[in-house]
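The values are calculated or read from the model by the stated rules, or taken from the named source; none is laboratory data. Quick caveat: nothing in here was measured; it's all calculated off a predicted structure. Cβ coordinates were reconstructed from backbone atoms using ideal geometry, including for glycine residues, and neighbour counts include every protein chain displayed. Protein only, heavy atoms only, side chains kept; ligands, DNA and RNA dropped before computing areas. Shrake-Rupley method; radii C 1.70, N 1.55, O 1.52, S 1.80 Å.
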Amino acid sequence: MAKCKRSSRRPQARHKKQKKSQYDKRQRLERRNHQRKKTAKAKVPLRGAMQAAVSRLQGFLDRRIAFRLAIVVAGMFLAGDRRTASAWFVAGGVQDDWDRFYDCLISVGRASASVATALLGLVVEKLAPRLGDRLLLAMDDSPTARYGRHVEGAGVHHNPTAGPAEGEWLYGHNWVTLAWLATHPAWGVIALPLRSLLYVRKIDVPKLAKKYGWEFRTKHQLGVELLTWYKQLLGVLGVKAKLWLAVDGAYAVRPFLLPVLGLGIVVVSRLRKNACLHDLPGLPDPHRRGRHPIYGKQRISLAKRAAHRKGWETISYHCRGVEVTRQYKTFLATSALVSGQIRVVIVRFEDGSWAPYFCTDTSAEVRDILEAVAARWAIEEHFHDVKEVWGAGQQQVRNVWSNIGCWHLNQWMYTLVEICSWDVPKSELIDRRARPWDNPDRRPSHADRRRVISQEMLHTEFLAALPRTPNNDKFRTLVEALVSLAT
């Protein structure tokens, strides 16, 4: 049987007939229940550096609801299986006032910019002694799959990591994320997500505009907004460093690059192999009136330059944790992407293939450009871990602000776990005794760091309740074994 040719057009969202929720919160509020149990603290509270960090974030929320953030975060660390918002509440010990915790998620979503400001302050305090004269950022967008016609802000988006059983498109949310790329002395480059903005397709905006006054903005406009927010806060925090931004080819467009260059940020990205490039213009004629030319007259072909045998040089640089040696060519060119000059670097790989990159700073070193391109992969690793380890996108909430709050909580916990584990020795983060087949020299994963914090919470809660008996050591061993199985 002949296969049906797959259409390249974006499909439309399809849902089964569903009824709206029969739960009416207004009716319950009219009947006040004085016997309702209220949740004042988590069943297993946070400990140590994580508790101090979350308390800093709570300071940017309304004090009437801020204490619930620590309870939700404690549930995030202990929740297992499918990490819905209700699973967070169960693990955190939420009682009859569970609806107030859904309101807390809405408050976190509405105040995400303010809470992200506190998070940026924590990151600056931790990395300030290690800051050099250049800060490297990364920006990318990633979708999370959802289901249901009543999920606000959801739409059909391109699936960048479609598996064998998945399609080219998915229904859900799409998040434009800004992350700080920090280099750990032992673990390499780690992406620390700071803030995200929800991208809603133009066709889906009218549904939100009626209820929230939502306005359509492209991914490039959202990215410029995130960078403007970041640049202003760095000035308030007193950080003086040159900003570099590593993005993929989807952001190497004129509507994004020109506003970013206006902020004084250097952009490093991949270049299309058929990009329209010209050589540098000659010296201006002093006797000629009018504006001097920006672009040269000769067209540059990247394919011809990459195919030419001469002109290749060799360089060694750090690429995703290892030292690699590759051949490259570099030259200056003029491009309409930035209305001026850029530095182009063509890299040839071991299999003979090649890829072009560019940097808006023409005086930049080739090593710095290639290492920035390689470091951008850390944000892709973050997207993987925040979905697999924290279950981002599984919270099953419908309100658009609840979805924004849940996504940010997953990302912020990723950053806080990395910050709290920054100076912890490797021996305390890795315990391979139960997995003798595993590589003992492998660097600790994000799941290992998260597991250590969860075990600290459970150890402190259960071991402190053990009585002083002759079999105390035996009880302690059993409790530790149970904690290891639970996390």
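Before moving on, here are some points about what is shown:
- Phi-derived couplings, Karplus 6.51 cos²θ - 1.76 cosθ + 1.60 at θ = phi - 60°, listed residue by residue for segment 441-454: 8, 5, 5, x, 7, 5, 5, 5, 5, 5, 5, 5, 5, 5 Hz, with x used for Gly and Pro.
- 3J(HN,Hα) from dihedral phi, segment 229-237, Karplus parametrisation 6.51/-1.76/1.60, rounded to Hz, x for glycine, proline: 4, 5, 5, 5, 5, 4, x, 5, 7
- About the centre of its Cα atoms, segment 68-138 shows a dipole size close to 300 debye [charges on the beta carbon of Lys, Arg (+1) and Asp, Glu (-1) only; nearest 20 debye].
- Cα shape, segment 329-419, gyration tensor, a/c 1.5 rule: prolate
- Label point distance in nm, Glu350-Val424, each placed 7 Å from Cα along Cα→Cβ: 3.4
- Approximate spin-label separation Lys202-Arg10, in nm, with each point projected 7 Å along Cα-to-Cβ: 1.0
- The fraction of accessible area contributed by carbon and sulfur in segment 181-289 is 56 percent, rounded to a whole number (1.4 Å probe; ligands and nucleic acids excluded).
- Protection proxy ranking of 365-375, 42-52 - average other beta-carbon atoms within 10 Å, highest first: 365-375, 42-52
- Rolling a 1.4 Å probe across the protein heavy atoms gives segment 22-96 an accessible surface of 63 Å² per residue.
- Arg32 versus Arg47: modelled label distance in nm, points set 7 Å from Cα along the beta carbon direction: 4.0
- FRET efficiency for Leu332 and Ser114, using Cβ-Cβ distance with R0 set to 51 Å, rounded to 0.05: 0.75
- For a modelled paramagnetic label at Glu125, 7 Å from Cα along Cα-to-Cβ, the residues of segment 33-55 in reach, with backbone nitrogen under 19 Å, are 46-55.
- Only Cα pairs under 8 Å and 6+ residues apart enter the sum, and on that basis the relative contact order of segment 139-259 stands at 22 percent.
- Nonpolar atom fraction for segment 323-412, defined as the carbon and sulfur part of the 1.4 Å probe accessible area, stands at 44 percent.
- FRET efficiency, 1/(1 + (r/R0)^6) with R0 35 Å, evaluated for Arg254 and Lys304 via beta carbons: 0.90
- Annotation: extensible slack from Asp431 through Cys319 equals 37.6 nm (criterion: 0.36 nm per residue apart, minus Cα-Cα distance).
- In sequence order, segment 186-197 has phi-based couplings of 10, 9, x, 7, 10, 8, 10, x, 10, 7, 9, 10 Hz under the Karplus curve 6.51 cos²θ - 1.76 cosθ + 1.60, θ = phi - 60°, and Gly or Pro positions carry x.
- Using C-alpha pairs below 8 Å separated by at least 6 residues, the relative contact order for segment 260-398 is 24 percent.
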